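Right, one structure below, let's go through it.
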Amino acid sequence: MRRSRFFLPTLRDNPKEAEIVSHRLMLRAGMVRQASAGIYSWLPMGFRVLKNIERIVREEQDRAGNQEVLMPTIQSAELWQQSGRYNAYGPEMLRIRDRHDREMLYGPTNEELITDIFRNGVKSYRDLPQKLYHIQWKFRDEVRPRFGVMRGREFLMKDAYSFDLDYESARRAYQVQFVTYLRTFARMGLRAIPMEADTGPIGGDLSHEFIILAETGESEVFCDREFLDYDLLGREIDYEDPAAVGEVVDYFTKLYARTDEKHEQAVFETAVPEARRYQGRGIEVGHIFYFGTKYSKPFGARVATPDGQEVEVHSGSYGIGVSRLVGAIIEASHDESGIVWPEAVAPFKVGLINLKAGDADCDKACEGAYGALQGAGVETLYDETEERPGAKFAEMDLIGLPWQLILGPRGLKNGVVELKRRATGEREEISLESALARLT
Ligand code: ATP
Ligand code: MG
Ligand code: MG
Ligand code: MG
């Protein structure tokens, strides 16, 4: 993409309405614009990141055997009346009437709809287990939408649902999602800590929130610092092997990690030596939950068992805040000059800077480099404008692409270009060929 063609309305100054760094940087880097309170338009730069995050979430869901579906944003109130949540959900639910005066709503989540789909399609234990997910916009009329996309009213969520014959097999489904989440967040360069969360009236120990440590987070958290050292991507996990999955889950669940809702100071102090105690704030980026027959009961979602009985299926739901993650990643990865994108989610891998647009040799070398990178499938933003070098550097730092490839007439005369790694600020003078070899 050529910078002159790219729709990138950056801002020089910090917008007043933005209280936290990710919100400021997303506005300044031209990623989003607010359409109305808690509702955002995604501009090209932001949309690219959102899509990259969505792709990683999808790949990891698929890898674990979940099947993608797409349910609508608008739902009928009927199913929610059946589950009893039409009243229970309160003012967070956006209620709508259609022209026939039928009650509708903009879905805040999908347990009702998916259970309805399931009960109409599955009748026998032979068809179990089932694991379905979708990635769709949700609406929750939050009292205080704030922090940009982190607490929006309209937001993109991945929500998955599992259906099993009994508790044991539902627990395995839960554990597979647990490990899938660790992998998903690690691929985005994040260290998400699974923390015990409230299960409400259902009880049991099967609810975890996945939390990114950050000062601007809205949750207060307590955990063992050992979480700060784990490496999950280093090993392959066979999701078909319950023992292997269980082992990972056991390792993480035996370490102390709870939000303030579940925190018990005495237990914390006994379980974690003082030097390893971490207390701070965090951002909830995912939440997994086993809820048993909570919805299968009122919906009559039953299957025949091998011995001819009928039982209600056991279910869980598993959410990831896809759009919230864009902000959360910035909270975890930025410096005073701007965003520092982890390579896996970056909008472009390389920012190519032409230091002297209009200089025939420099233009030619840049065009050659741009062609080579594109030919190798490396996503590149090529700044071929006539801006001052200083402004180009500042903008590249602000938008946070992992690599900057800088070509100027002086260097080219000596057969060198500059390659800068955004994360470390490290700069190297090398030949264009070796720079390209490094990037492709
Ligand atoms: P929170 O505690 O932040 O209000 P929640 O517990 O109500 O979130 P869940 O129902 O668990 O949210 O939804 C699953 C995921 O969706 C959350 O873990 C979070 O990442 C994301 N999410 C929830 N509400 C919002 C929102 N208003 N804006 C952006 N993402 C959200
Ligand atoms: Mg909420
Ligand atoms: Mg929550
Ligand atoms: Mg939650």
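Since every read-out is calculated from the coordinates, none of them should be taken as a lab result. Remember, predicted model here, so these are calculated numbers, not experimental data. Every residue, glycine as well, gets a Cβ built from its backbone with ideal geometry; the counts of neighbours run over all protein chains shown.
For the chain, state the average projected area of the convex hull of the C-alpha atoms over all orientations, rounded to one decimal in nm². Each step should come with its number before you reach the end.
Working: hull surface 99.8 nm².
Directional mean of the projected Cα hull area for the chain stands at 25.0 nm².
The calculated P(r) of the range 121-225, using every Cα pair and 10 Å bins from 0, goes 11, 33, 39, 14, 3 in percent. Near Thr293, once Lys and Arg are set to +1 and Asp and Glu to -1 for all other residues with Cβ below 13 Å from its Cβ, the sum equals -1. Each label was represented as a point 7 Å from its Cα along the Cα-to-Cβ direction; for Ala423 and Ala88 these points are 4.4 nm apart. With angles folded into 0 to 90 degrees, how steeply does helix 242-254 sit against the dominant principal axis of the chain? Use alpha carbons for both and round to 10. Around 80 degrees separate the two axes. With contacts taken as Cα pairs under 8 Å and at least 6 residues apart, the range 1-148 reaches a relative contact order of 24 percent. Rg and Dmax, both from the Cα atoms of the range 55-131 and both in Å, are 15.3, 43.
Report the charge-dipole magnitude of the chain in Debye, nearest 20, computed about the Cα centre from +1 at each Lys and Arg Cβ and -1 at each Asp and Glu Cβ. Could the numbers behind the result be given before it?
Values: 58 positive and 70 negative charges, 267 e Å.
That gives the chain a dipole magnitude of about 1280 debye.
For a 31 Å ceiling on Cα separation, which of these pairs sit above it: Lys51/Lys262; Lys16/Lys392; Lys16/Lys364; Lys51/Lys413?
Details: Lys51/Lys262 34 Å; Lys16/Lys392 24 Å; Lys16/Lys364 42 Å; Lys51/Lys413 40 Å.
With Cα atoms farther than 31 Å apart: Lys51/Lys262; Lys16/Lys364; Lys51/Lys413.
Shown in residue order for the range 122-131 are the 3J(HN,Hα) couplings computed by the Karplus curve 6.51 cos²θ - 1.76 cosθ + 1.60 at θ = phi - 60°: 10, 10, 10, 4, 4, 8, 9, x, 10, 9 Hz (x for Gly and Pro). Other residues within the sphere of radius under 14 Å centred on the Cβ of Lys420, judged by their own Cβ, net out at -2 (K and R +1, D and E -1).
Across the alpha-carbon set of the range 205-329, the Rg to Rh ratio works out to 1.05, Rh being the Kirkwood radius. Of all aspartates and glutamates in the structure, those lying under 16 Å Cα to Cα from Lys254, and not within fewer than 8 positions of it along the same chain, are Glu196, Asp205, Glu209, Asp224, Glu226, Asp229, Glu264, Glu269.
Amide H to amide H distances under 5 Å link Gly316 with Ser162, Phe291, where only residues 5 or more positions off or on other chains count and H is placed in the peptide plane. What number, in percent, do you get for the relative contact order of the range 91-211 if the mean sequence gap of Cα pairs under 8 Å and at least 6 apart is divided by its residue count? Relative CO of the range 91-211 lands at 18 percent.
Arranged from highest to lowest average of other beta-carbon atoms within 10 Å per residue, in what order do the peptides 319-331, 84-96, 370-382, 233-245 appear?
Working: 319-331: 26.1, 84-96: 13.6, 370-382: 16.8, 233-245: 11.7.
Averaged packing, sorted descending, gives the order 319-331, 370-382, 84-96, 233-245.
Need one word for the range 1-152: rounded, prolate or oblate. Basis is the Cα gyration tensor (sqrt eigenvalues a ≥ b ≥ c); a/c below 1.5 gives rounded, then a/b vs b/c decides. Taking the square roots of the gyration eigenvalues as a ≥ b ≥ c, the range 1-152 is oblate. With R₀ fixed at 22 Å, the C-beta to C-beta distance from Leu70 to His100 puts the FRET efficiency at about 0.30. Go ahead and collect, in residue order, the members of the range 386-410 whose backbone nitrogen is under 16 Å from a label point 7 Å along the Cα-Cβ direction of Asp363. Only 386-387, 408-409 fall inside the zone, counting backbone N under 16 Å.
Excluding Leu113 itself, what net charge comes from residues whose Cβ is under 14 Å from its Cβ, given Lys and Arg +1 and Asp and Glu -1? Intermediate values should be presented prior to the final figure.
Numbers: positive: Arg85, Arg119, Lys138; negative: Glu78, Glu111, Glu112, Asp116, Asp159.
With Lys, Arg at +1 and Asp, Glu at -1, the neighbours total -2.
Dimensions of the range 1-68 from C-alpha coordinates, computed as largest minus smallest value along each principal axis and given longest first, are 46, 31, 20 Å.
Taking Rh as the Kirkwood radius computed over C-alpha pairs, what is the Stokes-Einstein D of the range 194-258 at 20 °C in a medium of viscosity 1.002 mPa s, expressed in µm² per second? Kindly include the intermediate steps, with their values, before the conclusion.
On the way: Rh = 13.6 Å.
For these conditions, the coefficient is 158 µm²/s.
For the pair Arg144 and Glu261 in one chain, pulling the backbone fully straight at 0.36 nm per residue adds 40.1 nm over the alpha carbon distance.
Which whole-number percent is the relative contact order of the chain (Cα, under 8 Å, 6+ apart)? In percent, rounded to a whole number, it is 17.
Computed over the chain with a Gaussian network model linking Cα atoms closer than 10 Å, the most mobile of Arg151, Arg97, Arg33 is Arg97. The convex hull drawn around the Cα atoms of the range 311-424, when projected onto a plane and averaged over every direction, covers 10.3 nm².
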